[in-house]
1. Test GLN131 against the stated conditions and say whether it is surrounded by fewer than 16 Cβ atoms within 10 Å (Cβ to Cβ) and modelled with pLDDT of 80 or more.
2. Of all residues being in a loop (DSSP other than H, G, I, E, B) and either in contact with a helix residue (DSSP H, G or I) (Cβ under 6 Å, 6 or more places away or on another chain) or acidic (Asp, Glu) (or both) in the stretch 31-68, which is farthest from GLU104 (Cα to Cα)? Just the residue, please.
3. Among (1) modelled with pLDDT of 75 or more; (2) touching a helix residue (DSSP H, G or I) at 6+ places or on another chain (Cβ under 9 Å), where does CYS22 come up short?
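The values are calculated or read from the model by the stated rules, or taken from the named source; none is laboratory data. As the structure is a prediction and not an experimental result, all values here were calculated from the model. Cβ sites come from the backbone with ideal geometry, for glycine too, and all protein chains shown count toward neighbours.
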Amino acid sequence: MTTLAPKMQSQMGDEHCRQRSCDGPGPDVMAASTLDGTKVMSSDGEHVGKISDIMLDVRRGRVAYAVLAEGGFLGMDSTLRAIPWGALTLDTDEKCFFVDITAEQIRSEPGFDKDHWPTMADPQWGATVHQYYNRDPYWSATRAASEGDVTDI
């Protein structure tokens, strides 16, 4: 399997690397900067843009959204769209992300520009975005998992 991460050799864990292939970080744990500029393909096979930012929910310690940049020239005048992280699937062989909606659906989603970002911490805005991509909000899963842990004790 091809990874997007640079090849690195571990100083501690050489024995582990001899037992299995170690190509450095990825694809399960990667630097966010490694994914900047990665193309995104729609369910109908169309290249719909590139990842320009990865947004973290700092309080919950989760990746919240990938920001898709579409159009423009050299990143200028691009339409930006927030895609829930859970709606993206990384294909390490093709070095791209797939999103399970059509290109037309992505273009129909209201976007924003670099000077007018939405309030991504607003749960109402976030719920709308997640619903558009047919995903449960990531914070709902976190709450349910932590509540499950409490009841299991």
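1. So GLN131 passes the test.
2. The first filter runs over the stretch 31-68 and keeps only residues in a loop (DSSP other than H, G, I, E, B), leaving 31, 36-38, 42-46, 58-61.
If we keep only those that are either in contact with a helix residue (DSSP H, G or I) (Cβ under 6 Å, 6 or more places away or on another chain) or acidic (Asp, Glu) (or both) as well, we get 36, 42, 44, 46, 60.
On the way: ASP36: 23, SER42: 9, ASP44: 9, GLU46: 10, ARG60: 32 Å.
Ranking the candidates gives ARG60 first.
3. (1)
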